[in-house]
Amino acid sequence: MIRLQEEVKKQPDSSRQEMIDRQEDVLKIVECASLVHDLGNPPYGHFGEDIIRQWFKKNLPSILKEKSDVAEEFLASPYVYDFYRFEGNAQSLRIVSKLHDFKGEFDGLDLTAATLNTILKYTYPSSHKKTEEITSKKVGYFFAEEEAFKTVTEITGAGTSRHPLTFILEAADDIAYLIADMEDAIGKGVLRFAVVKEYLHSVLKEDKTSSHSKKVVKILETIDEEIFSINQFFVDLRTMLIDAATESFVLHYEKIMNGEYQEDLLTDSSAHELYTHLRKISENKIYDH
């Protein structure tokens with residue numbers, strides 16, 4: 001909010017000012033969305049999603065034909081893609097809007113429209129074909145929750161665009177798992193810090209433009225082995241990524257609010273190289289272990 005305040009001082013803007021005035025509400029929405037947005041992930045995460053999809057594609061037609069006289073009708077309907085294209089993101093909306101049943105203005109957990117919209121990283125149903133559009137890379141909601149999706153997005157006005165706070169949620173999620181996964185891997189002996197140090201130093205020293213890359217290189221080149229704290233190093237990485245995501249949100253504020261922004265905050269930030277190479281370490285050294 002400090003960066004938005006600086007922008008408003010330079011040039012008054014009602015939208016930015018409202019965001020500043022409502023910062024406590026914004027904080028609560030993002031905190032709540034952060035806690036619930038992954039509730040739909042099955043055991044083993046993306047691997048679990050793949051197994052669920054494969055199982056239904058292999059078994060659902062025969063199961064339905066054996067036990068139901070409406071099998072052909074169901075298999076020809078959009079509902080079948082809720083099974084064939086099972087997605088943890090869509091299951092999260094299903095859980096919080098339907099399966100956890102507290103009666104209120106909305107079914108399920110009775111969350112606010114803004115909170116429900118914030119967890120929708122993707123905004124198309126299971127029957128929709130993937131495109132390069134950021135909101136269409138994965139399934140956003142099951143066809144069974146189409147009415148819930150329409151109700152929420154009509155209230156917020158987001159439609160099929162990402163809710164602005166979703167960009168913050170996505171950045172927070174990326175920062176959390178990137179650093180935590182690396183810390184866990186080192187703690188479990190899957191990865192040595194020396195490997196992280198050597199790789200980051202070699203690739204980031206080639207990045208002459210980013211202050212974040214320069215800072216990481218300087219830290220790695222001036223390590224005093226007797227007092228160096230690996231924990232502090234990861235705290236520094238988190239801080240840099242948070243600063244970069246914040247800067248990116250403020251820089252692209254108008255496009256985000258207009259539903260025109262088609263990037264993730266960290267991918268399109270001054271810490272792009274750092275973010276990219278942290279991901280590469282996880283993908284190449286951790287996830288396949």
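What is the helix-to-structure angle for 193-204, meaning the angle in degrees between its Cα long axis and the longest Cα principal axis of the chain, kept from 0 to 90 and rounded to the nearest 10? With rounding to tens, the tilt is 80 degrees.
A DSSP coil position with no more than 13 other Cβ atoms inside 10 Å describes the following trypsin sites (Lys or Arg not before Pro) in segment 185-240: 188, 192, 208.
Run the accessible area of segment 1-147 with a 1.4 Å probe and give the carbon-and-sulfur part as a rounded percent. Carbon with sulfur: 54 percent of the solvent-accessible area.
For segment 148-255, the carbon plus sulfur part of the accessible surface works out to 52%, probe radius 1.4 Å.
The distance linking segment 219-289 with segment 104-163 is 27 Å (Cα centroid to Cα centroid, whole angstrom). Go through (1) 37, 27, 16; (2) 37, 20, 17; (3) 44, 22, 21 and flag the label whose value is the computed semi-axes √(5λ) of the Cα gyration tensor in Å for this structure. Correct label, based on the coordinates given: (1). In the context of the full set of protein chains, the chain has a per residue accessible area of 56 Å² (1.4 Å probe).
If you fit an axis through the alpha-carbon atoms of helix 164-187 and take the longest principal axis of the Cα set of the chain, what angle between them do you get, 0 to 90°, nearest 10? Relative to the chain, helix 164-187 is tipped by roughly 70 degrees.
Seen from residue 89, the other residues with C-beta closer than 9 Å to its C-beta sum to a net charge of 0, counting Lys and Arg as +1 and Asp and Glu as -1.
Proximity of backbone amide H atoms, modeled 1.01 Å from N, is registered between residue 141 and 124, 126 at under 5 Å, excluding neighbours fewer than 5 places apart on the same chain. Positive contributions from Lys and Arg (+1) and negative ones from Asp and Glu (-1), summed over other residues with Cβ under 10 Å from the Cβ of residue 207, come out at +1. To the nearest 10 degrees, how steep is helix 23-36 against the longest Cα principal axis of the chain, on a 0 to 90 scale? Helix 23-36 sits roughly 70 degrees off the main axis of the chain.
The values are calculated or read from the model by the stated rules, or taken from the named source; none is laboratory data. Please read these numbers as outputs of a predicted model, since none were measured by experiment. Every residue, glycine among them, receives a Cβ derived from its backbone with ideal geometry; neighbour counts consider all protein chains shown. With ligands, DNA and RNA removed, areas are computed over all heavy atoms of the protein, side chains included. Shrake-Rupley method; radii C 1.70, N 1.55, O 1.52, S 1.80 Å.
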